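Read through the structure below, which is laid out as structure tokens, and then see the notes.
The values are calculated or read from the model by the stated rules, or taken from the named source; none is laboratory data. As the structure is a prediction and not an experimental result, all values here were calculated from the model. All Cβ positions, glycine included, derive from the backbone under ideal geometry; neighbour counts span all protein chains shown. Side chains included, ligands, DNA and RNA excluded: accessible areas come from the protein's heavy atoms. Shrake-Rupley method; radii C 1.70, N 1.55, O 1.52, S 1.80 Å.
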Amino acid sequence: MKKIAILGSTGSIGTQTLEVARENGDLQITALAAGNNIELLERQIREFRPFLAAVWSEEKARELRVRTADLNVKIVSGMDGLLDVATEPEAEILVTAIVGMIGIRPTIAAMEAGKDIALANKETLVTAGHLIMPLAKERGVRILPVDSEHSAVFQCLNGERRERLHKILLTASGGPFRGRKKEELRDVQVEDALKHPNWSMGRKITIDSATLVNKGLEMMEARWLFGVEPENIQIVVQPKSIIHSMVEFEDGAVMAQLGTPDMKLPIQYALYYPDRRYLPGERLDFWALREITFEKPDMENFPGLRLAFEAAAAGGTMPTVYNAANERAVAKFLDRKIGFLDIPQIIESCMEAHRTVLNPSVEEILSVEAQTYEMIESRW
């Protein structure tokens, strides 16, 4: 019986992780953390009986304590609560399905406590990869990718010598607006941007997919996960999301991982690695598929991806600015306070105004995040 804790249990990745646990029957959930959706969290607590559960608001925590008074579960709140969940003594692996840079400190705490990390919080590596990867090596813990693209690369590299890797080819669907020009994107509404053609994801990551910012974040995450410089990471648009990513070795051989668009596959693979388990669901029908097409990413009409490569090249705190600016801009777009094309414009303005700090500490990273938020609130 493998014991796991989950940060972000009520979100898309968190709920699918619990589906994997439900279907397999040999994963014990020891701790759960959610935002403020205590109705769903209560149902999860009653089904999976964790020892510990966390919500962000202390007010919501008090309400949840009343609602679960008949159960043997401790309810905690705030950052201290996230840290408690991340370091819950029984858990062997922490699933970091929380969105945003709020996941950095709990991830570090879990690693220091000797937990393996099933990583779905890309911001942790985007902004603090220079701290996370050496710590993983020092503590002897594994970072197991949950994003479908990074899981694909991880699977392609299984059994191969990393030094023979020449290039990573990250695939992208192109999002709901693939092929459109800027003038066609000016009046895009929130509802339009949330209609991803292939994947069912949370609201923020769905918008990131529409702007191609998500692919930029994945590129920066892949850089740290696999020790590859940005110039050796190529983005390939594959509209049907059948090829989840590929790797090219120094001899020219290319290996790809294919499958239907189902996030439970990379989640389950991370939780049971190095074993594979049966996963119910659709299988690829190559007779019906017939062809797989590829395109170059459009960085002119979707400049968020170009800016990601610029942020990666600058290094230091610049990826933090990129991530924080996007996070706040997306929130404003979802609140209908700015337009779709304002998102990359805000990112670029914040990057242009920033003075990079090389090799930042966690405190410096979080300070730059706060400064970026302040700049956005003062201008937009």
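Would you call Glu248 in contact (Cβ under 8 Å) with a residue 60 or more places away in the chain and among the acidic types (Asp, Glu)?
Working: in contact (Cβ under 8 Å) with a residue 60 or more places away in the chain: yes; among the acidic types (Asp, Glu): yes.
When the stated conditions are applied, Glu248 passes them.
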Item to check | Looking only at region 251-261, and only at residues there that are touching a helix residue (DSSP H, G or I) at 6+ places or on another chain (Cβ under 9 Å) and free of Cβ contacts under 8 Å to residues at least 40 places away in the same chain, the one that is least open to solvent (accessible area, probe 1.4 Å) | outcome: Gly259
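Scan region 35-44 and tell me whether some residue there is outside any helix (DSSP H, G or I), touching a helix residue (DSSP H, G or I) at 6+ places or on another chain (Cβ under 6 Å) and surrounded by fewer than 17 Cβ atoms within 10 Å (Cβ to Cβ).
First pass over region 35-44, keeping only residues outside any helix (DSSP H, G or I): 35-37.
Filter once more, keeping what is touching a helix residue (DSSP H, G or I) at 6+ places or on another chain (Cβ under 6 Å): 36.
Now restrict to residues that are surrounded by fewer than 17 Cβ atoms within 10 Å (Cβ to Cβ): 36.
Taking every residue of region 35-44 in turn, at least one turns out to be outside any helix (DSSP H, G or I), touching a helix residue (DSSP H, G or I) at 6+ places or on another chain (Cβ under 6 Å) and surrounded by fewer than 17 Cβ atoms within 10 Å (Cβ to Cβ).
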Checklist outcome for this item: Asp187 passes all but one of the listed conditions (1) within 24 Å of Asn121 (Cβ to Cβ); (2) modelled with pLDDT of 90 or more; the exception is number (1)
Next on the checklist: For region 124-236, give me every one of the helices (runs of 4 or more DSSP H) that falls completely inside it and has 3 or more residues that are surrounded by 15 or more Cβ atoms within 10 Å (Cβ to Cβ) and in contact with a strand residue (DSSP E or B) (Cβ under 7 Å, 6 or more places away or on another chain).
Outcome noted: 148-157, 213-226
Checklist entry - Mind checking whether some residue in region 244-265 is modelled with pLDDT under 95, touching an Asp or Glu at 6+ places or on another chain (Cβ under 7 Å) and polar (S, T, N, Q)? => result yes
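Taking into account only those residues within region 259-268 that are out of contact with any Ser or Thr (no Cβ under 6 Å at 6 or more places or on another chain) and not in a loop (DSSP other than H, G, I, E, B), which is nearest to Ile143 (Cα to Cα)? Before you say what the answer is, go through the steps one by one.
Taking region 259-268 first, the residues out of contact with any Ser or Thr (no Cβ under 6 Å at 6 or more places or on another chain) are 259-260, 262-265, 268.
Now drop any that are not not in a loop (DSSP other than H, G, I, E, B), which leaves 264-265, 268.
Working: Lys264: 18, Leu265: 17, Gln268: 14 Å.
Top of the filtered list is Gln268.
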Item to check | Matching entry among Ala31, Ala69 (being open to solvent by 10 Å² or more (accessible area, probe 1.4 Å) and either in a strand (DSSP E or B) or modelled with pLDDT of 95 or more (or both)) | outcome: Ala69
Next on the checklist: Kindly evaluate Lys264 against the criterion of being basic (Lys, Arg), closer than 15 Å to His150 by Cα and either touching a residue at least 24 places away in the same chain (Cβ under 8 Å) or buried (at least 19 other Cβ atoms within 10 Å of the Cβ) (or both).
Outcome noted: yes
